[in-house]
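Notes for the one structure printed next.
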Amino acid sequence: MSCGNEFVETLKKIGFPKADNLNGEDFDWLFEGIEDESFLKWFCGNVNEQNVLSERELEAFSVLQKSGKPILEGAALDEALKTCKTSDLKTPRLDDKELEKLEDEVQTLLKLKNLKIQRRNKCQLMASVTSHKSLRLNAKEESATKKLKQSQGILNAMNTKISNELQALTDEVTQLMMFFRHSNLGQGTNPLVFLSQFSLEKYLSQEEQSTAALTLYTKKQFFQGIHEVVESSNEDNFQLLDIQTPSICDNQEILEERRLEMARLQLAYICAQHQLIHLKASNSSMKSSIKWAEETLHSLTSKAVDKENLDAKISSLTSEIMKLEEQITQIKDRSLPAVVRENAQLLNMPVVKGDFDLQIAKQDYYTARQELVLNQLIKQKASFELLQLSYEIELRKHWDIYRELENLVQELSQSNMMLYKQLEILTDPSVSQQINPRNTIDTKDYSTHRLYQLLEGENKKKELFLTHGNLEEVAEAGEWHEPRRQSLQ
């Protein structure tokens, strides 16, 4: 209950008019002053309906005022009461024993009165201390409630934020797990998103078929055993060699057959050339004879030739023919064999050139086929290397994701541990207890200082600063010693 509500309740007890219509919160400002607060607390704690005059007493007092008689107040009233003596006529005489008994009773009543006054003061002090404690606890309760609401708001916001983040993280992890989930190839329900999830049986079977077809092609296009040579080859099998050296092939029979074949070809070529020369010479001779005959016939028909001139011309021509035949015989027997022997290699050049041209053509053919096979092998190797590189890249990405997930798990574990520690700290009652603020009694609070002096006595050491805690200790000490005083009396 607030101080204003307590003040209004006290007014209701003493019968203050229209007290029911008053609002206690409107009188809280009266307790802000230190001096007013002490009086109002005393008023609220001590005044009750017994301190209110009845209507009969008020009427008697108003009649006394209207009568005009003087009304004694303050010190005059006390002095009049001291000088006032009881009438002997109305009061019977008492003996000494009764007087002593009455005096003892008066003393006992006075002691009882003082004891009750002291108890009343202690009760008032305890009520004041309790009220102060109540106000302080109310303030603490309000502050704690406010802090609790703020903490709950902060924790609710943090909880909402963490829940949203965890939900988002859960969704992302769920999506990520869909990628890593092993698919059922038989049913085909799960999508294949990684290269490692695909089967390579079809690809490998196609590559094996391609390799088999390529091997069969090399067997058909090249000599028997070329694929074994290629498969078991090294650098020494592919060095450039001189075709004229007999070390190309170790089989002497093949070399001998090749030499005989070349000799037959050269001899056949020479014979063919000899026949060709004879035929060309015969053809030229025939053409020359025909031409000469035509010219002679033409001259005979155009001119009349004498027989003597004709015979002379025939004899001269015959002699020329004899000379030409001798020259031909001499050239044929002497000059021509030497020239033929000197230029025998030149006669073999077309045959050798044709052989080399054939070898070059075969080599070009083999080279073209080898390039085709090589291109197929390069494509096959490139596909294997591309597949290997794809697997390596995917493996590296998997390792990166694995490390990131490990780091994420460690961070979440650390965050979880920190949250557990914070929850333990928040649930620990020793941490939630706050240090009591200073409750020093103000020097202007004279009533509290007088109560402290009354309870403490004069023999004790004076404190430099008085606190409500000291006041409580003194009050508790006074209650502890009170039964001993009663037993002594």
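Summary table below
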{"read-out": "Extreme residue, modelled with the highest pLDDT, among residues of segment 278-308 that are of a type outside the set (Gly, Ala, Ser) and outside any helix (DSSP H, G or I)", "value": "Asp306"}
{"read-out": "Leu336 being surrounded by 11 or more Cβ atoms within 10 Å (Cβ to Cβ), at pLDDT below 80 and either of a type outside the set (Asp, Glu) or in contact with a Pro (Cβ under 6 Å, 6 or more places away or on another chain) (or both)", "value": "yes"}
{"read-out": "Yes/no for Asp400 being over 30 Å from Arg264 (Cα atoms) and either outside the structural domain of Glu208 (by TED's automatic domain parsing) or part of a helix (DSSP H, G or I) (or both)", "value": "yes"}
{"read-out": "Residues satisfying the stated conditions in segment 30-59, i.e. hydrophobic (A, V, I, L, M, F, W, C), assigned to a helix (DSSP H, G or I) and within 20 Å of Ser128 (Cβ to Cβ)", "value": "Leu30, Phe31, Ile34, Phe39, Leu40, Trp42, Phe43, Cys44"}
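Conditions tested, residue by residue: (1) under 27 Å from Cys123 (Cβ atoms); (2) loosely packed, with under 14 Cβ neighbours inside 10 Å; (3) out of contact with any Leu (no Cβ under 8 Å at 6 or more places or on another chain); (4) modelled with pLDDT of 80 or more.
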site	(1), (2), (3), (4)
Asn5	yes, no, yes, yes
Thr10	yes, no, yes, yes
Ile14	yes, no, yes, yes
Ile34	yes, no, yes, no
Cys44	yes, no, yes, yes
Gln50	yes, yes, yes, no
Ser54	yes, yes, yes, no
Glu57	no, yes, yes, yes
Val63	no, yes, yes, yes
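The values are calculated or read from the model by the stated rules, or taken from the named source; none is laboratory data. Note that this is a predicted model, so its numbers are computed, not measured. Because the Cβ atoms are built from the backbone with ideal geometry, glycine has one as well, and the counts that use them run over all protein chains shown.
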